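Enquirer: This is the structure I want to talk about, given as structure tokens.
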Amino acid sequence: MTAQSHALPLAGKSALVTGGAGGIGSASAEALLRDGCSVVLMGRRRDTLEQARSRLLPAANGGARIALSVGDAMQSDDVRHAVALAAEFNGRFDICVSTVGIGSLTPLIMHDEHSVMQQIANNVQPTFLAIRHSIPLMAANGGGSIVCISSEAASRPSAWLSIYTTAKAAVEGLVKAAANELGRHKIRVNAVRPGPTRTDATTDMFLQQNILDHYFSRALGRLGEPADIGAAVRYLAGPESSWVTGESLAVNGGGDLHFPVDATLWVTGYLGQEVMDKVLAGIDPAA
């Protein structure tokens, strides 16, 4: 190793980032690479992973490397393979960042048992698999850090996000329970709880002026950027947080100081006024 790599706090460490081509995933990977950690980017599409690798290569310091693992974070074999690939970098596996999850602004009355369970699975299952398949290799090398992406919705329920709130609350419950159980192996498990962050997935929402006005009225007066979340992931992944586990770190521009956003106008925009009138009256639009 070079003198520079010895000075880097994550030199010689290896990580997996699921959803590695996404805004938060790639920002998290960049923060790790900058401090010398080699990273496997996992995602379902090779083309987007290759584009992410090209963007991230200049950030790699101290001999840090980037590998790609095409796979689905909802599939056990794919996650197991990605973890094993990360361990090949340096013969050890130190950090797992689970960013995969999705939600929708959908009135509760328009959900059914299938859509509820699917949204919970879309958030809990990839988190569980990332934790589950990290355990053996992290325990074998004396510990590690697992960082999961939650949402401020987990602690700040708002209208039209009831099932997403439920799913992210379940993610945070899993984080706490896993941290308690895995502490004996020196494996730390934490979550980052982002507020409104500019990514491809949130572009449409931020076209709504009333929503933008709400978020800009927060204490720090701006939306979040992927790098804000990546910095929090880097803290929880690294030695600076060695006495932190089972926590959910809110990174939301002071969102906890304000009421949740009212997204009724946005939901009305894509459902239509007639449907929304029924929802607001407590009538099932599908009846």
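Since every read-out is calculated from the coordinates, none of them should be taken as a lab result. These figures come from a predicted structure and were not determined experimentally. Cβ placement follows ideal geometry from the backbone for every residue including glycine, while neighbour counts extend to all protein chains displayed.
Enquirer: Highest GNM mean-square fluctuation, the chain, Cα pairs closer than 10 Å: which of Ala139, Ala169, Ala73?
Expert: The residue with the greatest mean-square fluctuation here is Ala139.
Enquirer: Below 15 angstrom from the Cβ of Gly173, what's the summed charge of the other residues (Lys, Arg +1; Asp, Glu -1)?
Expert: So the surrounding residues net to 0.
Enquirer: Using the 10 angstrom Cβ neighbour count as an exposure proxy, how do Leu108, Leu182 rank, fewest first?
Expert: Neighbour counts put them in this order, fewest first: Leu108, Leu182.
Enquirer: Follow-up. With a Förster radius of 35 Å, plug the Cβ-Cβ distance of Leu105 and Ala140 into 1/(1 + (r/R0)^6) and report the FRET value to the nearest 0.05.
Expert: Efficiency, rounded to the nearest 0.05: 0.25.
Enquirer: Just tell me which lysines come within less than 23 Å, Cα to Cα, of Lys168; anything on the same chain fewer than 8 places away is out.
Expert: In chain and number order, the partners are Lys176.
Enquirer: Count charges around Gly144 for me, please; just the other residues with Cβ under 10 Å from its Cβ, Lys/Arg as +1, Asp/Glu as -1.
Expert: Spelling it out: positives minus negatives among the neighbours equals +3.
Enquirer: Using a Förster radius of 22 Å, what is the FRET efficiency between Ala231 and His258 based on their Cβ-Cβ separation? Nearest 0.05, please.
Expert: 0.50
Enquirer: Gain in length, Asp284 to Lys186, computed as 0.36 nm per residue apart minus the alpha-carbon separation, to one decimal in nm?
Expert: Once the chain is fully extended between Asp284 and Lys186, it gains 30.3 nm.
Enquirer: Can you sort Ser150, Ser241 so the residue with the fewest Cβ neighbours within 10 Å comes first?
Expert: Going from least to most buried by this count: Ser241, Ser150.
Enquirer: Calculate, for Gln273 and Glu50, the FRET efficiency according to 1/(1 + (r/R0)^6) with r their C-beta to C-beta distance and R0 45 Å; round to the nearest 0.05.
Expert: About 0.55, to the nearest 0.05.
Enquirer: For Arg65 paired with Asp213, estimate the spin-label separation in nm (one decimal), with each label point 7 Å from Cα along the Cα-to-Cβ line.
Expert: Label at Arg65, label at Asp213, 5.4 nm between them.
Enquirer: Give the Kirkwood hydrodynamic radius (Å, one decimal) of region 3-280, defined as one over the mean of 1/r across all pairs of different Cα atoms.
Expert: About 19.1 Å, per the Kirkwood formula over Cα pairs.
Enquirer: Name the residues whose placed amide hydrogens come within less than 5 Å of the amide hydrogen of Gly144, ignoring near sequence neighbours (fewer than 5 apart) on the same chain.
Expert: Correct list: Ile187, Arg188.
Enquirer: In nm, to one decimal, how far is the Ala177 label point from the Arg198 one, both placed 7 Å along Cα→Cβ?
Expert: 3.8
Enquirer: Sticking with this one: Based on DSSP H runs of at least 4 residues, each adding -39500 (n - 2.57), what is the mean residue ellipticity at 222 nm of the chain after dividing by all its residues, to the nearest 500 deg cm²/dmol?
Expert: -14000 deg cm²/dmol
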